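Q: First the structure, which I've put down as structure tokens, then a few questions once you've had a look.
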């Protein structure tokens, strides 16, 4: 392998060999990503998805939804504190989120 690189360097020059090396590296990375993605798709049930993200366990999707609900509540509380919405509007949105 090193001999081949020396021959390439002599024939093409250092810059061209560096570019070829980078292209090879990028190709390897793309291949690994493709292999990992395909292995995940084959091993995970397709009905456990959240926003096109495959989630291997139902608990993970529940935790993601809980985090989103908490963030929504915080956002509405901030709006309430800044007097952008009323207490009644906050309560309505809070009840929707907690259902």
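Q: For segment 78-88, give me each residue that is outside any loop (DSSP other than H, G, I, E, B) and over 22 Å from residue 65 (Cα atoms).
A: Filtering segment 78-88 down to residues outside any loop (DSSP other than H, G, I, E, B) leaves 78-81, 87-88.
Answer for segment 78-88, where residues must be outside any loop (DSSP other than H, G, I, E, B) and over 22 Å from residue 65 (Cα atoms): 80, 81, 87, 88.
Q: Can you say whether residue 71 is out of contact with any helix residue (DSSP H, G or I) (no Cβ under 8 Å at 6 or more places or on another chain) and modelled with pLDDT of 95 or more, as far as the supplied structure shows? So that I can check it myself, show each step before the final result.
A: Numbers: out of contact with any helix residue (DSSP H, G or I) (no Cβ under 8 Å at 6 or more places or on another chain): yes; modelled with pLDDT of 95 or more: no.
The answer is no for residue 71.
The values are calculated or read from the model by the stated rules, or taken from the named source; none is laboratory data. Here the structure is a predicted model, which is why all the values come from computation and not from measurement. Every residue, glycine among them, receives a Cβ derived from its backbone with ideal geometry; neighbour counts consider all protein chains shown.
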